[in-house]
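Written below as structure tokens is the structure these notes are about.
The values are calculated or read from the model by the stated rules, or taken from the named source; none is laboratory data. None of these values were measured; they are calculated from a predicted model. All Cβ positions, glycine included, derive from the backbone under ideal geometry; neighbour counts span all protein chains shown. Heavy atoms of the whole protein, side chains included, go into the accessibility calculation; ligands, DNA and RNA do not. Shrake-Rupley method; radii C 1.70, N 1.55, O 1.52, S 1.80 Å.
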Amino acid sequence: MHQDRVRRSDLRDLVVSAEEAARLIKDGMTVGISGFTRAGEAKAVPMALAERARTEPLKITLITGASLGNDLDKTLAEAHVLARRLPFQSDPALRKAINNGEVMFIDQHLSETVELLRSRQMGPVDIAVIEAVAIAEEGGIVPTTSVGNSASFAILAEKVIVEINLSQPAALEGLHDIYIPTHRPAREPIPIVAPQSRIGLPFIPVDPGKIAAIVITTKLDSSSSVLPPDAETRAIAGHLTEFFLHEVKKGRLTERLQPLQAGIGTIANAVLHGLIDTPFHNLTMYSEVLQDSTFDLFDAGKLDFASGSSITLSAAKYQVVLPELPRYKQRLILRPQEISNHPEVVRRLGIIGINTALEFDIYGNINSTHVGGTHMMNGIGGSGDFARNAYLSVFVTKSTAKDGFVSSVVPMVSHVDHTEHDVDLVVTEIGLADLRGLAPRERARLIIANCAHPAYRDALSDYYRRALARGGHTPHVIEEALSWHAKLRECGSMQSEPASVSAQSLAG
């Protein structure tokens, strides 16, 4: 049954069970596994590895592209397999192990991981485990629904285990564009001049002699947990649309906008979905994750082309897109994440980057990763790759969280992932603040007036007035700057009196 998927005949004798393949992974190894935001992860070997770890001591360093689906991070964390994990995750069980100090988590910009491996500043990778549609006649590995870091893992690893997933449609072949940057210091420019530029190979070039085992699987990708747009996310999309229309009138954008990037998640997905009912047309995307909104924009006739590193969809959208992949295929590319997120390309193409914040402060500093300044949520992901280099760097969030007891706009963020220098726009359902060309004092007034929820606006204004009395380029009452976070930890609310956060006040 798998003969047409393993096309190099001398490799067919390498087909083994997941348990046998997992035996190649030894205690203390560094393992690179395919997978980027719940798409295209190797599924069978990691599960066999977790099962083995229940009966014998086994710890590994696990490197992926981003988060894994099929509860793999949960299973590996609960089996205590993980000594070290990077560069991104989104699983509650793993998150708990990270915050308890059991797993050492390295939170990295997604474009940087393989650069560190390639230059031997990190690593080496002992074994790569890569999910594939097929192995080509020349031995090249054809990825499935993500590329992520798979190409460099396979090229750099001592040995490679390939999982051939028969449930992944053969139509995925030809979708990928595998390009590996040349070595520094004489690296050649990456020749991408438009999202549709094809510059590489449709498979991962690997020495067939490194392939140590092949496992046949049929397990599907996990679907995303993205929620449909609600009133607040539609309001965020509306504010951003009004801003884009203003930029068109000023001649700084056209109705094609610029290539779009959106981070994973409900809010960013909803913002892109909101572009359907706008006058913008012939749009393009140069992003990491292609979500439901990508295909909604295709179907609405708004989007011409999309480049990403993975396809991650809701269950309902998977049932539509995968069977009809040939209809979309000529308008899609999946690239290695170091290319989809490469600062050189992001700057050249003039990306509009739309990413989600946990919170931002009155000066425009962004916290994307840490709750209360200490507890890791998911990781910085690719947001920093785009924020520093985008034509427009946009951060979106709802103005409150936890039923209104937490303000997403605070005097000072409890952890800084993106400094004010990398942020052009901040948007909540309340409004939008355009921070371009503004000094800190000007930014503070605009953010409080336009983005803060009414339930917290007076308190922020009071803090800012008292900070001004202290003076400074970026005024703060330093002993109170993090008091809102301390109050939340002690009282469960950032409000002075939690009872004052009523449904009526939160209606704005």
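Residues in the stretch 227-257 that are surrounded by 21 or more Cβ atoms within 10 Å (Cβ to Cβ) and part of a loop (DSSP other than H, G, I, E, B): how many? Qualifying residue count, the stretch 227-257: 1.
Return the total of residues in the stretch 258-269 being open to solvent by 10 Å² or more (accessible area, probe 1.4 Å) and modelled with pLDDT of 95 or more. So the answer is 2.
Residue count for the stretch 297-334 satisfying the condition of being touching a residue at least 24 places away in the same chain (Cβ under 8 Å), among the charged types (D, E, K, R) and farther than 22 Å from Val346 by Cα: 2. When you scan the stretch 29-51, do you find a residue that is buried (at least 20 other Cβ atoms within 10 Å of the Cβ), of a type in the set (Val, Ile, Thr) and part of a loop (DSSP other than H, G, I, E, B), even just one? Checked against the condition, which is being buried (at least 20 other Cβ atoms within 10 Å of the Cβ), of a type in the set (Val, Ile, Thr) and part of a loop (DSSP other than H, G, I, E, B), the stretch 29-51 yields at least one hit. Filtered by the rule that a residue be surrounded by fewer than 23 Cβ atoms within 10 Å (Cβ to Cβ) and not in a loop (DSSP other than H, G, I, E, B), the stretch 19-28 gives Glu19, Glu20.
Quick test for you: out of Ala444, Ala452, pick the one residue that is small (Gly, Ala, Ser), crowded, with 23+ Cβ neighbours inside 10 Å, outside any loop (DSSP other than H, G, I, E, B) and touching a residue at least 24 places away in the same chain (Cβ under 8 Å). One residue alone meets the criteria, Ala444.
Among residues of the stretch 140-158 being of a type in the set (Gly, Ala, Ser) and outside any strand (DSSP E or B), the one that is surrounded by the fewest Cβ atoms within 10 Å (Cβ to Cβ) is Gly140. Do we find that Glu163 is touching a Lys or Arg at 6+ places or on another chain (Cβ under 9 Å) and in a strand (DSSP E or B) in this structure? The answer is yes for Glu163.
Only one of the numbered conditions (1) of a type in the set (A, V, I, L, M, F, W, C); (2) within 24 Å of the chain's Cα centre (by Cα); (3) farther than 28 Å from Thr397 by Cβ is violated by Leu227, and that is (3).
One line per residue, one yes/no per condition, for (1) in a strand (DSSP E or B); (2) surrounded by 24 or more Cβ atoms within 10 Å (Cβ to Cβ); (3) in contact with a strand residue (DSSP E or B) (Cβ under 9 Å, 6 or more places away or on another chain):
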site	(1), (2), (3)
Asp107	no, no, yes
Leu110	no, yes, yes
Glu115	no, no, no
Met122	no, no, yes
Val125	no, yes, yes
Ala128	yes, yes, yes
Glu131	yes, yes, yes
Ala134	yes, yes, yes
Glu138	no, no, no
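Looking across the stretch 270-284, the residues that are under 25 Å from Gly384 (Cα atoms) and open to solvent by 10 Å² or more (accessible area, probe 1.4 Å) come down to His273, Gly274, Thr284.
Being in contact with a Phe, Trp or Tyr (Cβ under 8 Å, 6 or more places away or on another chain) and either surrounded by 18 or more Cβ atoms within 10 Å (Cβ to Cβ) or among the aliphatic types (A, V, I, L, M) (or both) is the requirement here; does Leu438 meet it? It is false that Leu438 is in contact with a Phe, Trp or Tyr (Cβ under 8 Å, 6 or more places away or on another chain) and either surrounded by 18 or more Cβ atoms within 10 Å (Cβ to Cβ) or among the aliphatic types (A, V, I, L, M) (or both). The residues of the stretch 308-335 that are open to solvent by less than 10 Å² (accessible area, probe 1.4 Å) and either among the hydrophobic types (A, V, I, L, M, F, W, C) or in contact with a Ser or Thr (Cβ under 7 Å, 6 or more places away or on another chain) (or both), listed by number, are Gly308, Ser309, Ser310, Ile311, Thr312, Leu313, Val321, Leu325, Leu332, Ile333, Leu334, Arg335. Scanning the stretch 197-213 for residues that are closer than 18 Å to Val16 by Cβ, among the hydrophobic types (A, V, I, L, M, F, W, C) and either free of Cβ contacts under 8 Å to residues at least 12 places away in the same chain or open to solvent by 30 Å² or more (accessible area, probe 1.4 Å) (or both) gives a single hit, Ala212.
Residues in the stretch 80-96 that are among the hydrophobic types (A, V, I, L, M, F, W, C) and either touching a residue at least 40 places away in the same chain (Cβ under 8 Å) or open to solvent by 10 Å² or more (accessible area, probe 1.4 Å) (or both) were compared, and the one that is nearest to Gly28 (Cα to Cα) is Ala83.
Quick one: in the stretch 362-407, which of the residues that are among the polar types (S, T, N, Q) and assigned to a loop (DSSP other than H, G, I, E, B) is nearest to the chain's Cα centre (by Cα)? Lay out the reasoning, then the answer.
We begin by selecting, within the stretch 362-407, every residue among the polar types (S, T, N, Q); these are 365, 367-369, 374, 378, 383, 389, 393, 397, 399-400, 407.
After this cut, where a residue has to be assigned to a loop (DSSP other than H, G, I, E, B) as well, the list is 365, 368-369, 374, 378, 389, 397, 399.
Numbers: Asn365: 19, Ser368: 11, Thr369: 12, Thr374: 21, Asn378: 9, Asn389: 16, Thr397: 16, Ser399: 21 Å.
Checking each candidate, the answer is Asn378.
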